[in-house]
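Below: the structure, in structure tokens.
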Amino acid sequence: MMFFRKPVPTFRHHAVVRLIHLAIALAATLAFAAPADAGLRIVVATTDLAAIATAVGGDLVTIDTIVPPAVDPEAFEPRPGDLEKIRGAQLLVRVGLGYDYWLDKLVRQAADKRLMRGGEAYVDASVGIPLLEVSGQSVINEGGHAHGVANPHYWLDPENAKIVSLSVAEGLARVLPAESTRISANQQRFVADLDRALVRWTAQLAPVAGAKLIAYHNSWPYFARRFRLNVLDFIEPKPGVAPSPAQLARLIAAGRKSGVRAVVHEPYEPEDGSRFVAQKLGVPFVLLATSVGSEPEAKDYFALFDHNVATLAKALGVPSQ
């Protein structure tokens, strides 16, 4: 059982590089924080929502993001200043489905009915999304990760971003009715750009349709469905729980039998288990961005998919286009 703990010198190097990358990504989020007088103030839970809200709101809005890039929103602990962000919001946009369950407490403390569920300044971006892995009506917190309701990583399907952008546009139009025409035009432009990009992304991954993968965390069902990939299993046995040697041995045996072609990993999770499984299977370890800013290349919503699609395609042996 000591094989998993054997030190690998490159891991420390990777950790240093990752810290540098995170610093760069954190600086990039300043693009989402404009001066207070730059427009209507939108507070969003995550950088993905910030990117979509920026596209829809344009110069009418300024965006304030609560969760920094490359931080797991499911395990996020709000900071003292986050309550002040909520209190200053003119529109609040959340992921929902328990992913940002910690936001409920902040909204209650802010005591602004406009920002509460059903209020004119409240947007739950999950409304209208074709959900996967629907499992209940209540949120259960396991190991620092909130689950229940459904799989919350819906923004990793570009088609769902169209629905999110419409929800944001409707919320903005409620609080800025005089600008509804501009807001609608921005949203339609975002959708048109997304349609063009989706054709390119789909073509890039078409040669590896059906490829079997193992992932660290269950972040990828929407991405996998959109691009016809098959995520067979996960390194962590439960969300937020580190794998045991027995779990790793089981995955390696199953992966060999099934013909797994890569191990996919999230930026904010410990890498040792995923790297070990990839090494034993003789397949690539593939670090993909789960959100805008979680990798330096994923600077906006389109760059998120440019990076993930190109990285995965290259790892799976697809010739460069």
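The values are calculated or read from the model by the stated rules, or taken from the named source; none is laboratory data. Not measured: the values here are computed from a predicted model. FYI the Cβ positions are ideal-geometry reconstructions off the backbone, even for glycines, and counts take in every protein chain you see. Keep in mind that these areas ignore ligands, DNA and RNA; they rest on the heavy atoms of the full protein, side chains included. Shrake-Rupley method; radii C 1.70, N 1.55, O 1.52, S 1.80 Å.
Worth pointing out:
- Residue match in segment 280-294 (condition: under 14 Å from the mean Cα position of the chain (by Cα), part of a strand (DSSP E or B) and within 27 Å of LEU131 (Cβ to Cβ)): yes
- Residue that is farthest from the chain's Cα centre (by Cα), among those in segment 104-113 that are open to solvent by less than 50 Å² (accessible area, probe 1.4 Å) and either modelled with pLDDT under 95 or more than 30 Å from LEU132 (Cβ to Cβ) (or both): ASP112
- Where a residue in segment 72-85 is within 14 Å of ASP104 (Cα to Cα) and its partner, wherever it lies, is open to solvent by 30 Å² or more (accessible area, probe 1.4 Å) and among the hydroxyl-bearing types (Ser, Thr, Tyr), with Cβ under 9 Å and at least six apart: GLU74/TYR101
- Criterion: over 24 Å from VAL93 (Cα atoms) and among the β-branched types (Val, Ile, Thr) - qualifying residue of VAL175, VAL241, VAL164: VAL241
- Subset tally (residues that are surrounded by fewer than 17 Cβ atoms within 10 Å (Cβ to Cβ) and either among the charged types (D, E, K, R) or within 22 Å of GLU120 (Cα to Cα) (or both)) for segment 65-84: 4
- Among the residues of segment 50-59, the ones that are under 12 Å from the mean Cα position of the chain (by Cα) and open to solvent by 10 Å² or more (accessible area, probe 1.4 Å) come to 1 in all.
- Top-ranked residue of segment 85-103 - restricted to ones that are of a type in the set (Val, Ile, Thr) and not in a loop (DSSP other than H, G, I, E, B), ranked as surrounded by the fewest Cβ atoms within 10 Å (Cβ to Cβ): ILE86
- Matching option when the condition is in contact with a helix residue (DSSP H, G or I) (Cβ under 7 Å, 6 or more places away or on another chain), of a type in the set (Phe, Trp, Tyr) and either on the phi < 0 side of the Ramachandran plot or at pLDDT 95 or above (or both), among TYR101, TYR122: TYR122
- Yes/no for THR62 being β-branched (Val, Ile, Thr), within 18 Å of ALA169 (Cβ to Cβ) and either open to solvent by 40 Å² or more (accessible area, probe 1.4 Å) or touching a Cys at 6+ places or on another chain (Cβ under 6 Å) (or both): no
- Members of segment 282-302 found to be touching an Asp or Glu at 6+ places or on another chain (Cβ under 6 Å) and within 17 Å of GLN204 (Cβ to Cβ), listed by number: ALA289
- Those helices (runs of 4 or more DSSP H) lying entirely in segment 163-278 with at least 1 residues crowded, with 16+ Cβ neighbours inside 10 Å and of a type in the set (Phe, Trp, Tyr): 180-205, 221-227
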